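I have placed the structure first, in the form of structure tokens, so that the comments after it can refer back to it.
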Amino acid sequence: TERALQYLINNTLSSGTALATEVKRYITLPGQACAYKIGEIKIWELRRKSEKHLGDHFDIKEFHHRVLSC
């Protein structure tokens with residue numbers, strides 16, 4: 001835990017308190033970061049497909065509404 005925290009302190013601009021919380025979260029829920037990233041990738045894929053399918057009719061607000069109402 002200390003090694004991970006020290007690495008983040010040395011290599012990011014975040015505060016020690018925030019980083020300590022992050023380290024604890026990743027230790028407690030190791031799959032959370034992967035799930036978050038996979039979700040991000042999937043949403044970007046959906047957006048690209050929607051933009052391609054709808055062309056000039058693509059509306060980012062409507063896209064967000066549809067994604068968030070699933």
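Read-outs: derived from the displayed coordinates by stated rules, not from any lab. None of the values given here were measured: they were computed from a predicted structure. FYI the Cβ positions are ideal-geometry reconstructions off the backbone, even for glycines, and counts take in every protein chain you see.
Values as computed for the structure displayed
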quantity: Size of charge dipole - the chain - debye, nearest 20, with Cβ of Lys, Arg +1 and Asp, Glu -1, no other charges; calculated: 160
quantity: C-alpha long axis of helix 16-28 to longest principal axis of the chain, angle in °; calculated: 80
quantity: Extended-chain gain in nm, criterion 0.36 nm per residue less alpha-carbon gap, THR17 and HIS57; calculated: 9.9 nm
quantity: Option label - Cα extents along the principal axes in Å computed here, alternatives [x] 50, 23, 16; [y] 43, 21, 18; [z] 36, 23, 17; calculated: [x]
quantity: Reach of LYS49 by Cα under 23 Å, taken over lysines that are not fewer than 8 positions away in the same chain; calculated: LYS37, LYS61
quantity: Counted charge near ALA20, where neighbours are those whose Cβ lies closer than 15 Å (Asp, Glu -1; Lys, Arg +1); calculated: +1
quantity: Phi-based couplings in Hz for segment 31-45 (Karplus 6.51, -1.76, 1.60; Gly and Pro marked x); calculated: x, 4, 5, 5, 4, 4, 5, 4, x, 4, 4, 5, 5, 5, 4
quantity: Stretchable slack from GLU40 to TYR26, in nm (0.36 nm times residue separation minus alpha-carbon distance); calculated: 3.3 nm
quantity: For the chain, calculated [θ]222 nm from helices alone, where every DSSP H run of n ≥ 4 adds -39500 (n - 2.57); calculated: -25000 deg cm²/dmol
quantity: Gain in span if fully extended, LYS49 to LEU8, counting 0.36 nm per residue against the direct Cα distance; calculated: 11.2 nm
